[in-house]
1. So, of the residues in the stretch 49-69 that are of a type in the set (Gly, Ala, Ser), closer than 25 Å to ALA100 by Cα and in contact (Cβ under 8 Å) with a residue 24 or more places away in the chain, which turns out to be surrounded by the most Cβ atoms within 10 Å (Cβ to Cβ)?
2. Can you work out which of the residues in the stretch 27-48 that are part of a loop (DSSP other than H, G, I, E, B) and not acidic (Asp, Glu) is surrounded by the fewest Cβ atoms within 10 Å (Cβ to Cβ)?
3. Among the residues in the stretch 4-23, are any free of Cβ contacts under 8 Å to residues at least 60 places away in the same chain and either of a type in the set (S, T, N, Q) or under 16 Å from TYR91 (Cβ atoms) (or both)?
4. Among GLU28, GLU35, which is the only one that is in contact with a helix residue (DSSP H, G or I) (Cβ under 8 Å, 6 or more places away or on another chain) and more than 19 Å from ALA69 (Cα to Cα)?
5. I'd like to verify a number: residues in the stretch 100-116 that are farther than 25 Å from ARG162 by Cα and part of a helix (DSSP H, G or I), how many?
6. Scan the stretch 148-174 and report the pairs whose first residue is touching a residue at least 60 places away in the same chain (Cβ under 8 Å) and whose second residue is loosely packed, with under 14 Cβ neighbours inside 10 Å, with Cβ atoms within less than 6 Å and a gap of 6+ or a chain change.
7. Would you please name the residue that is farthest from ARG118 (Cα to Cα), looking only at residues in the stretch 149-161 that are surrounded by 14 or more Cβ atoms within 10 Å (Cβ to Cβ) and modelled with pLDDT of 95 or more?
8. Against the definition (closer than 18 Å to PHE33 by Cβ, of a type outside the set (Phe, Trp, Tyr), surrounded by fewer than 19 Cβ atoms within 10 Å (Cβ to Cβ) and touching a residue at least 12 places away in the same chain (Cβ under 8 Å)), how does ARG77 come out, yes or no?
Amino acid sequence: MALRPAAVVVMGVSGSGKSTLAQRLALELDCPFIEGDALHDPASVAKMAAGVPLQDADRWPWLDRIGAALRECCEARGLAVAACSALRYAYRERLRRAIAAPAFFILLDAPHAELERRLRQRTGHFMPASLLDSQLATLERPSPGEHALALDAGQSPELLCRASREWLDSVLHR
């Protein structure tokens with residue numbers, strides 16, 4: 001699909017459906033999928049599991065690992081998709097610098113009550129629902145110049161994937 005190397009980051013707060021959409025999108029685009037949560041160091045996972053929000057000092061090395069993984073995939077395959085919260089503009093800029101290829105962001109947006117419901121129903125994940133408010137407070141929605149698309153996370157994964165592909169078609173083939 002891509003005419004040039006590029007990275008796609010499905011972003012948003014915990015419970016928004018980042019991993020579900022990113023996995024599906026990577027499968028449809030026949031490109032690597034990178035699960036950002038898998039690249040957290042054990043100390044950060046322990047902090048979050050204990051209900052302690054991460055600080056920027058915790059996030060920088062994690063973002064660098066995600067960016068490096070995306071860069072390697074883009075160099076090898078031309079396109080890669082990652083699931084990463086990328087909550088602040090500075091985090092997205094850090095990823096862009098590490099990737100060293102065009103980066104496109106897809107924000108999955110949902111109301112607080114829906115996100116909380118999803119987090120409370122989720123099992124086997126280190127991120128507790130108690131950290132949702134801190135994530136929402138940290139979230140800086142992408143600005144128009146950031147190559148980003150915002151989607152309603154309440155839509156079905158099929159519709160989210162279709163909308164993402166249509167948008168990516170338009171931006172990757174310019």
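The values are calculated or read from the model by the stated rules, or taken from the named source; none is laboratory data. Every value quoted in this text rests on a predicted model; they were computed, and no experiment measured them. Counting neighbours? That spans all protein chains shown, and the Cβs are built from the backbone with ideal geometry, glycine included.
1. Within the stretch 49-69, the first condition is being of a type in the set (Gly, Ala, Ser), and the residues that meet it are 49-51, 57, 67-69.
Now narrow it down to the ones that are closer than 25 Å to ALA100 by Cα: 57, 67-69.
Those still in the list that are in contact (Cβ under 8 Å) with a residue 24 or more places away in the chain too: 67-69.
Numbers: GLY67: 24, ALA68: 14, ALA69: 21.
Filtering the stretch 49-69 for residues that are of a type in the set (Gly, Ala, Ser), closer than 25 Å to ALA100 by Cα and in contact (Cβ under 8 Å) with a residue 24 or more places away in the chain, the one surrounded by the most Cβ atoms within 10 Å (Cβ to Cβ) comes out as GLY67.
2. We begin by selecting, within the stretch 27-48, every residue part of a loop (DSSP other than H, G, I, E, B); these are 30-32, 40-41.
Checking which are not acidic (Asp, Glu) leaves us with 31-32, 40.
On the way: CYS31: 20, PRO32: 17, HIS40: 22.
Within the stretch 27-48, the match that is surrounded by the fewest Cβ atoms within 10 Å (Cβ to Cβ) is PRO32.
3. Quick first cut of the stretch 4-23, residues free of Cβ contacts under 8 Å to residues at least 60 places away in the same chain only: none.
No - not one qualifying residue is present in the stretch 4-23.
4. Details: GLU35 fails: more than 19 Å from ALA69 (Cα to Cα).
Of the residues listed, the single one that is in contact with a helix residue (DSSP H, G or I) (Cβ under 8 Å, 6 or more places away or on another chain) and more than 19 Å from ALA69 (Cα to Cα) is GLU28.
5. Pass one, the stretch 100-116, residues farther than 25 Å from ARG162 by Cα: 100, 113, 116.
Now drop any that are not part of a helix (DSSP H, G or I), which leaves 113, 116.
Looking only at that region, the number is 2.
6. So the pair list comes out as HIS173/LEU3.
7. Looking at the filtered set, the residue picked out is LEU149.
8. Working: closer than 18 Å to PHE33 by Cβ: yes; of a type outside the set (Phe, Trp, Tyr): yes; surrounded by fewer than 19 Cβ atoms within 10 Å (Cβ to Cβ): yes; touching a residue at least 12 places away in the same chain (Cβ under 8 Å): yes.
Judged against the criteria, ARG77 is a match.
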